[in-house]
Amino acid sequence: MAKKTEKKEASLLTFELHEKETILTEQLSIKPLKIVNPKSQKNTGVCMITSYGGGFVEGDEVRLNVKCKKNTTSIVSSQANTRVYESTGMLCKQSLSMDIESNAFHVFFNDPLVMHKGGNFLQSSDITVHDDSVLLFVDWFSAGRTANGESFDFKNYETTTKIVKNGHPIIWDNFGLNPERMDVYSPGMLGDHISFLNLFLIGNEHSEKVQLLQEALEKSNTSDLSEQLQINTSRINPDAFIGRYSAVDILSLKKIMNDISASLEHPSLLNYNPLIRKY
């Protein structure tokens, strides 16, 4: 008789509104994930994700469920780069499940995922949004410790982002890299670019929050396109606007993130700049 695979318990975050302030009402950290809940001094609920081991080692699996109740304003970010270390074959896995209820505003604002030599990583994000909710979701990748000459030396990287509204997918984004089988340096793939960033803005296109954030994303597209930095922003349907960025170095994309973070200081959004608070 085949042995059943036990489903790993998930870490949990639940944001709820209490007297005009979004607070964390449920928090469960399952190792290797560690969740920090700093005081924001604002009305925004804030959580920061880190890990006990400094990153993913062979066979690590992280599952996180985030629930944003009605009318909440919240952000989940990371303490630093998420690192995926060398593996002899076993996958590292990260699964994110999110439920953004009506009139909730949530920002998922991670630092880059850095694929070290020999890393083997699978990531999935399953997100449900509701009417009048708004989500800004960041997915950021780096090809390795490029400052040390390590670039695309990992085994495999796969990521899937699925965002559903009213039972229908509005985003279903799949991407994978296997440098051993692919010519990642081909001009038809990444060329000499070593970092890419996806920003998914989800919500009704007529929402004030969506319009403010879309304006900020579109401003990032006014930069001169060059071989060092490529930018594309576009609305793909009434509920989804996407920004895609790639660069020959990670610093160019950090500037993009700094500009987007500054836009979140608007009183109708987070009412503060999360990167200023972070650093």
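The values are calculated or read from the model by the stated rules, or taken from the named source; none is laboratory data. Keep in mind that this is a model prediction, so the values were computed, not measured. When we count neighbours, we look across all protein chains shown, and the Cβ atoms used for this are built from the backbone with ideal geometry, even at glycine.
Pairs needed: first member in the range 143-154, within 8 Å of Ile194 (Cβ to Cβ); second member anywhere, among the basic types (Lys, Arg); C-beta distance under 9 Å; at least 6 residues apart or different chains.
Matching pairs, first to second residue: Gly144/Lys117; Ser151/Arg145.
Return the residues of the range 187-208 that are touching a Lys or Arg at 6+ places or on another chain (Cβ under 8 Å), assigned to a loop (DSSP other than H, G, I, E, B) and buried (at least 18 other Cβ atoms within 10 Å of the Cβ); say none if nothing qualifies.
Passing the criteria: only Gly203.
Are any residues in the range 125-179 among the basic types (Lys, Arg), within 23 Å of Gly89 (Cα to Cα) and in contact with a strand residue (DSSP E or B) (Cβ under 6 Å, 6 or more places away or on another chain), and if so, which ones?
Lys155
Determine the pairs where a residue that is under 16 Å from Glu215 (Cβ atoms) and assigned to a strand (DSSP E or B), located within the range 230-243, has a partner that is basic (Lys, Arg) and at pLDDT 95 or above with Cβ atoms under 6 Å apart, the partner being 6 or more residues away or on another chain.
Going by the 6 Å Cβ cut-off, the qualifying pairs are Phe241/Arg235.
Pick out the one residue from Glu205, Glu265 that is in contact with a Pro (Cβ under 8 Å, 6 or more places away or on another chain) and acidic (Asp, Glu).
The conditions single out Glu205.
Identify the residue in the range 140-180 that is of a type in the set (Phe, Trp, Tyr) and in a strand (DSSP E or B) and, among all such residues, is nearest to Val114 (Cα to Cα).
This residue is Phe141.
What number of residues within the range 23-60 are surrounded by fewer than 19 Cβ atoms within 10 Å (Cβ to Cβ) and more than 19 Å from Asp111 (Cα to Cα)?
15
Where residues in the range 247-279 are in contact (Cβ under 8 Å) with a residue 24 or more places away in the chain and β-branched (Val, Ile, Thr), which of them is surrounded by the most Cβ atoms within 10 Å (Cβ to Cβ)?
Within the range 247-279, the match that is surrounded by the most Cβ atoms within 10 Å (Cβ to Cβ) is Ile260.
With the structure loaded, tell me whether Gln94 is within 28 Å of Ile276 (Cβ to Cβ), surrounded by fewer than 18 Cβ atoms within 10 Å (Cβ to Cβ) and not aromatic (Phe, Trp, Tyr) or whether it fails that test.
In short, no.
Is it true that Asp132 is of a type in the set (Asp, Glu), within 25 Å of Gln79 (Cβ to Cβ) and surrounded by 15 or more Cβ atoms within 10 Å (Cβ to Cβ)?
no
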